[in-house]
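Bear in mind these aren't lab numbers, they're just calculated from the coordinates by the rules spelled out. Here the structure is a predicted model, which means the values were calculated and not measured. In this analysis, Cβ positions are derived from the backbone assuming ideal geometry, glycine residues included, and neighbour counts consider all displayed protein chains.
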Amino acid sequence: MLNGKFTIKVSKSRYDLVLYLNDQFFKRYPVGTGKFGKTPVGSFVVSDKIPEPPWYRPDGVKLEYGNPENILGTRWLALRAVSGTPDVHGYGIHGSTNDNGIGKAESAGCVRMRNSDVEELFDLVPLDTPVTIVD
């Protein structure tokens with residue numbers, strides 16, 4: 001068990017997520033972000049963690065984990081805005097059923113990771129872990 005405080009910084013321009021432990025570099029992961037700059041920037045915290053998450057299509061239809069149309073991959077880390085960042089709904093860090101979007105701006109706005117990477121991150125960080133997203 002690791003002791004200390006984790007923090008996360010996502011860079012939209014570098015397509016990476018850097019995990020820090022006690023303000024020291026811990027690990028870097030490649031990510032995909034939202035097309036047309038849709039990934040929000042600011043300060044957030046991990047507000048929920050869901051293994052094998054369902055996905056809600058834009059038309060509101062709920063697709064359970066395992067459904068071929070569910071794009072979320074194996075894990076979901078929900079983000080809640082803090083410190084004056086405008087409120088966002090439905091944004092998070094999640095796995096992906098298609099790794100072709102990693103290193104690109106192709107999602108609807110979420111931060112996408114390879115399933116193996118998001119599973120590791122999911123197991124490491126607790127709820128309320130600070131997340132900063134920058135351009």
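Points worth noting:
- Computed over the chain, the per-residue total of -39500 (n - 2.57) for DSSP H runs of n ≥ 4 gives a 222 nm mean residue ellipticity of -2000 deg cm²/dmol, rounded to 500.
- Charge dipole (the stretch 1-121, unit charges on Cβ, about Cα centre) - positive-most of 115, 72, 45: 45
- Qualifying GluC sites (Glu not before Pro) for the stretch 84-135 [loop in DSSP, other Cβ within 10 Å: at most 16]: none
- Residues of the stretch 1-41 with amide N under 18 Å of the 7 Å Cα→Cβ point at residue 116: 17, 27-32
- Diagonalising the gyration tensor over the Cα atoms of the stretch 2-81 and scaling each eigenvalue by 5 before taking the square root yields semi-axes of 26, 16, 12 Å, largest first.
- Karplus (6.51, -1.76, 1.60) ³J(HN,Hα), θ = phi - 60°, over the stretch 3-15, in Hz, Gly and Pro reported as x: 9, x, 10, 8, 9, 10, 10, 10, 10, 5, 6, 9, 6
- Full-extension gain in nm, residue 50 to residue 21, via 0.36 nm per residue minus C-alpha separation: 8.2 nm
- Ratio Rg/Rh [Cα only; Rh per Kirkwood] for the chain: 0.94
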